[in-house]
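Novice: Before I ask anything, here is the structure I am working with.
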Amino acid sequence: MNKPFKFKQFTVLQDQCAMKIGTDSVLLGAWTSVEHHPHNILDIGSGTGVLSLMLAQRCFAENIEAIEIDNEAYEQCAENFENSPWADRLFCYHAGMIEFVEEVEDKYDLIICNPPFYSEDYKTEDSSRNLARFNDAMPFEHLIYAVVNLLSRTGIFSVVIPFNEEANLIHLALKLGLFPNRILHVKGNVDSDIKRSLIEFSFDDTESKTSKLIIETARHQYTDDYINLTKDFYLKM
């Protein structure tokens, strides 16, 4: 798992990051809308920086900023940015989310986040992995507060969470004036339960559109929908 992860247009080093490249991030980076041609993008809790790199490949945003609180992950993200074809548009800051909100006056046309959302009672012995994985590192209340303060009036906030947290996050967002406009429910296969929710929020109260994505028909046999969504990134798609 510590090997560099090679995509079609960039490579991600991940040996210093507690959270490795996973399906959640790739789906979110590929699914998130850039049709509104964002100028400024913010990646909250960037980890390796893969979401920022995917968005740099997908759109012409002049300014893509990432924030990461973990020191080793921050260093690795900065290195991945420097080694990419879009180094001049990518910037990583070693900062916590609330600290960043209080210091920055900029507004962002797109905010993206694959937050730590595991809230089980137990923790592993690896403190970096705990920080990356567990809810107390980034409570949803803090995330929504940050987004409401940093998102431009016409901007989009895109996030991936466990399906069983969807109602909770939407409730918190609605209280602060953010509305779910687009939702994707992800299932591993046709017979499995919905595992993830990808949600796009904005300040516009428009009718929410929900769709679903099934990843596999059998082990390593991917659906056409999944292939079409990720083929610009995965080497073997």
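Novice: Can you tell me what share of the DSSP beta bridges in the chain is antiparallel? A percent to the nearest 5 is fine.
Specialist: The antiparallel fraction comes to roughly 40 percent.
Novice: Can you give the convex hull volume per residue for the Cα atoms of the chain, as a whole number of Å³?
Specialist: Dividing the Cα hull volume of the chain by its residues yields 126 Å³.
Novice: Same structure, new question: Which one of Ser211, Ser84, Val104 has its Cα pushed farthest toward the positive end of the charge dipole of the chain, where Lys and Arg give +1 and Asp and Glu give -1 at the Cβ?
Specialist: Value: Ser211.
Novice: Answer with one residue from Pro4, Ile64, Gly47: the one whose Cα lies farthest towards the positive end of the charge dipole of region 1-69, charges on Cβ with Lys, Arg +1 and Asp, Glu -1.
Specialist: Pro4
Novice: Return the calculated 222 nm mean residue ellipticity for the chain, to the nearest 500 deg cm²/dmol, obtained by summing -39500 (n - 2.57) across DSSP H runs with n ≥ 4 and dividing by the residue count.
Specialist: Counting only the DSSP helices, I get -8500 deg cm²/dmol.
Novice: Once you have a ≥ b ≥ c as the square roots of the Cα gyration tensor eigenvalues for region 6-73, tell me rounded if a/c is under 1.5, and otherwise prolate or oblate according to whether a/b is larger than b/c.
Specialist: prolate
Novice: Follow-up. Over the chain, calculate the relative contact order: mean separation of alpha carbon pairs under 8 Å at least 6 apart, over the residue count, as a percent.
Specialist: Dividing the mean separation by the residue count of the chain yields 17 percent.
Novice: Please work out the average accessible area per residue across the chain, using the 1.4 Å probe convention, and give it in Å².
Specialist: 50
Novice: Straight-line reach from Lys6: which lysines have Cα under 18 Å away, leaving out those fewer than 8 places along the same chain?
Specialist: Those lysines meeting the cut-off are Lys20, Lys231, Lys236.
Novice: Quick one: if the Förster radius is 45 Å, what FRET efficiency do Ala95 and Lys212 give, using the C-beta to C-beta distance and rounding to 0.05?
Specialist: The pair Ala95/Lys212 has a calculated efficiency of 0.80.
Novice: Peptides 216-222, 67-73: what's the order by average Cβ count within 10 Å, highest mean first?
Specialist: Top of the packing list down: 67-73, 216-222.
Novice: In debye, nearest 20: dipole of region 153-214 around its Cα centre with unit charges on the Cβ of K, R (+) and D, E (-)?
Specialist: Result for region 153-214 is approximately 120 debye, rounded to the nearest 20.
Novice: May I pose another question? Highest mean first, what order results for 201-208, 180-187, 100-107 on Cβ atoms within 10 Å?
Specialist: Going by the mean number of other Cβ atoms within 10 Å, highest first, we get 180-187, 201-208, 100-107.
Novice: Next question, about the same structure. With +1 on each Lys and Arg Cβ and -1 on each Asp and Glu Cβ, and nothing else charged, work out how big the dipole of the chain is about its Cα centre, in Debye to the nearest 20.
Specialist: 980
Novice: Suppose every K and R has +1 on its Cβ and every D and E has -1 on its Cβ; what is the size of the dipole of region 1-115 about the Cα centre, in Debye to the nearest 20?
Specialist: 740
Novice: Can you tell which of Ser202, Phe233, Leu184 lies farthest toward the positive end of the dipole of region 166-237, using +1 and -1 charges on the Cβ of basic and acidic side chains (Lys, Arg; Asp, Glu)?
Specialist: Phe233
Novice: Take the alpha carbon atoms of region 175-223, find their center, do the same for region 2-19, and report the distance between the two centers in whole angstrom.
Specialist: Between the Cα centres of region 175-223 and region 2-19 lies a distance of 25 Å.
Novice: Give me, ordered by chain and number, the residues 5 or more places off Lys195 or on other chains with an amide H under 5 Å from its own placed amide H.
Specialist: HN-HN under 5 Å from Lys195: Val186, Lys187, Gly188.
Novice: State the percentage of accessible surface on the chain attributable to carbon and sulfur atoms; use a 1.4 Å probe and exclude ligands, DNA and RNA.
Specialist: It is 48 percent, rounded to a whole number.
Novice: Using alpha-carbon pairs under 8 Å, 6+ residues apart, how would you state the relative contact order of region 12-112 in percent?
Specialist: Computed value for region 12-112: 32 percent relative contact order.
Novice: Moving to a separate point now. Which whole-number percent gives the relative contact order of region 171-237, counting Cα pairs below 8 Å spaced six or more residues apart?
Specialist: This gives 29 percent for region 171-237.
Novice: Rounded to the nearest 10 Å², what accessible area does Ile227 have for a 1.4 Å probe in the complete protein model?
Specialist: Counting only protein heavy atoms, the figure is 50 Å².
The values are calculated or read from the model by the stated rules, or taken from the named source; none is laboratory data. Computed from a predicted model, the values in this text were never measured in an experiment. Every residue, glycine as well, gets a Cβ built from its backbone with ideal geometry; the counts of neighbours run over all protein chains shown. Accessible surface is based on the protein model in full, side chains and every heavy atom, while ligands, DNA and RNA are left aside. Shrake-Rupley method; radii C 1.70, N 1.55, O 1.52, S 1.80 Å.
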